[in-house]
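Asks: Just passing along the structure, written as structure tokens.
The values are calculated or read from the model by the stated rules, or taken from the named source; none is laboratory data. Note that this is a predicted model, so its numbers are computed, not measured. Note that each Cβ is placed from the backbone with ideal geometry, even for glycine, and that neighbours are counted across all protein chains shown.
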Amino acid sequence: MRFYLTTHKRHWVKLTDVPLFLKSEHFVEAVKLPEALGPYAVDSGGFWELQKNGRWTRSPRQYVGDLRRIWEHVGPFDWAAPQDWMCEPLIIHGGKAGPNVFAGTGLSVAEHQRRTVANYLELRSLAPELPIIPVLQGWELQDYENCVDLYDRAGIDLTAEPLVGLGSVCRRQSTREGAEIVTALAAHGIKLHGFGFKTLGLEKVGHLMATADSLAWSYHARKRPPMPDHTHKNCANCIDYALKWRERVLAGLPPQDGVPA
């Protein structure tokens with residue numbers, strides 16, 4: 001399994017050859033972009049967009065323009081996420097989770113899925129040269145099966161795609177429900193990417209996924225004192241801590257022959 005470290009520090013791409021996962025907006029806001037030393041992938045920032053606005057504020061054409069600039073200046077990325085529509089109840093209905101306020105889309109799971117597939121088709125039409133991946137969205141297992149069917153009816157054979165994102169599972173990844181969803185979709189022969197996976201989720205279903213990304217290292221570091229000789233309050237934004245954390249996580253997972261980390 002290729003395991004990406006999620007970070008909002010765009011300059012990390014020039015500091016390490018470990019796979020990184022960054023939101024497109026972190027690159028877009030930069031005047032000068034750093035050249036990547038190793039592999040990286042690009043997140044569309046969909047969860048934050050829908051949480052805050054209840055809709056996408058960037059058009060597909062704008063997003064494609066951002067991706068092309070990133071590709072040209074930072075270097076070719078492994079893949080980029082589409083502008084998909086997450087299906088968590090808070091994203092759909094709105095509300096609060098601790099200090100976080102969700103605007104709510106007011107739409108159904110089925111409509112989120114329809115828009116997710118339509119966006120992927122539009123992005124692929126606008127930028128066939130870019131490795132933008134399809135993403136499966138849903139909430140219940142049957143929702144995800146329905147989403148597979150939506151892609152199939154649109155002429156997209158997900159089993160033939162190099163990678164397919166799995167959305168709206170990250171907060172349930174270590175539960176039986178989350179494991180059932182991953183297991184069922186992997187059984188189709190779909191090469192899955194797990195968005196926002198944590199250690200327990202990786203231990204349970206990491207062997208069923210082709211790739212995954214995680215920001216869990218930052219939350220882990222925030223609750224602990226800094227590493228020796230580090231002067232910051234904690235290591236929540238520290239590349240040294242992130243790299244050590246990744247090594248520990250990978251060392252604790254069952255080996256997957258022939259799959260680069």
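Asks: Which one of the conditions (1) over 15 Å from the mean Cα position of the chain (by Cα); (2) over 20 Å from residue 134 (Cα atoms); (3) crowded, with 21+ Cβ neighbours inside 10 Å does residue 185 fail to meet, given that it meets all the rest?
Replies: (2)
Asks: Let me ask you something else. Could you list all residues from segment 192-225 that are touching a helix residue (DSSP H, G or I) at 6+ places or on another chain (Cβ under 8 Å), part of a loop (DSSP other than H, G, I, E, B) and on the phi < 0 side of the Ramachandran plot?
Replies: 195, 197, 198, 209
Asks: Is it the case that some residue within segment 41-62 is crowded, with 21+ Cβ neighbours inside 10 Å and either in contact with a His (Cβ under 6 Å, 6 or more places away or on another chain) or of a type in the set (Phe, Trp, Tyr) (or both)?
Replies: So far as segment 41-62 goes, no, none of its residues is crowded, with 21+ Cβ neighbours inside 10 Å and either in contact with a His (Cβ under 6 Å, 6 or more places away or on another chain) or of a type in the set (Phe, Trp, Tyr) (or both).
Asks: Could you tell me which numbered condition residue 168 fails, if it satisfies all but one of (1) under 14 Å from the mean Cα position of the chain (by Cα); (2) part of a helix (DSSP H, G or I)?
Replies: Going through the list (1) under 14 Å from the mean Cα position of the chain (by Cα); (2) part of a helix (DSSP H, G or I), residue 168 breaks only (2).
Asks: Residue 148 versus (1) over 30 Å from residue 32 (Cα atoms); (2) outside any loop (DSSP other than H, G, I, E, B); (3) within 18 Å of the chain's Cα centre (by Cα); (4) not hydroxyl-bearing (Ser, Thr, Tyr): which is the lone unmet condition?
Replies: Just one mismatch for residue 148, condition (3).
Asks: Restricting the search to segment 116-125, which residues are more than 16 Å from residue 164 (Cα to Cα) and buried (at least 17 other Cβ atoms within 10 Å of the Cβ)?
Replies: 122
Asks: Still on this structure, I have one more. Mind counting the residues in segment 162-179 that are in contact with a helix residue (DSSP H, G or I) (Cβ under 9 Å, 6 or more places away or on another chain), surrounded by fewer than 20 Cβ atoms within 10 Å (Cβ to Cβ) and either at pLDDT 95 or above or under 20 Å from residue 43 (Cβ atoms) (or both)?
Replies: Within segment 162-179, residues that are in contact with a helix residue (DSSP H, G or I) (Cβ under 9 Å, 6 or more places away or on another chain), surrounded by fewer than 20 Cβ atoms within 10 Å (Cβ to Cβ) and either at pLDDT 95 or above or under 20 Å from residue 43 (Cβ atoms) (or both) number 2.
Asks: Looking only at residues that are more than 22 Å from residue 13 (Cβ to Cβ) and of a type in the set (Val, Ile, Thr) in segment 202-241, which one is surrounded by the fewest Cβ atoms within 10 Å (Cβ to Cβ)?
Replies: By that ranking, first place goes to 231.
Asks: Return yes or no: is residue 254 without any contact (Cβ under 8 Å) to a residue 12 or more places away in the chain, surrounded by fewer than 12 Cβ atoms within 10 Å (Cβ to Cβ) and not β-branched (Val, Ile, Thr)? It would help to see each step written out before you state the result.
Replies: Working: without any contact (Cβ under 8 Å) to a residue 12 or more places away in the chain: no; surrounded by fewer than 12 Cβ atoms within 10 Å (Cβ to Cβ): yes; not β-branched (Val, Ile, Thr): yes.
Considered against the rule, which asks whether it is without any contact (Cβ under 8 Å) to a residue 12 or more places away in the chain, surrounded by fewer than 12 Cβ atoms within 10 Å (Cβ to Cβ) and not β-branched (Val, Ile, Thr), residue 254 comes out as no.
Asks: Could you please find all residues in segment 64-93 being closer than 29 Å to residue 144 by Cα and either of a type in the set (Gly, Ala, Ser) or free of Cβ contacts under 8 Å to residues at least 40 places away in the same chain (or both)?
Replies: The answer is 80, 81, 90, 92, 93.
Asks: Now for a separate question. Residues that are surrounded by fewer than 20 Cβ atoms within 10 Å (Cβ to Cβ), out of contact with any Phe, Trp or Tyr (no Cβ under 7 Å at 6 or more places or on another chain), of a type in the set (A, V, I, L, M, F, W, C) and under 15 Å from residue 239 (Cβ atoms): does segment 2-13 have at least one?
Replies: no
Asks: Report yes if some residue within segment 54-63 is more than 16 Å from the chain's Cα centre (by Cα), farther than 30 Å from residue 177 by Cβ and basic (Lys, Arg); otherwise report no.
Replies: For segment 54-63, residues more than 16 Å from the chain's Cα centre (by Cα), farther than 30 Å from residue 177 by Cβ and basic (Lys, Arg): present.
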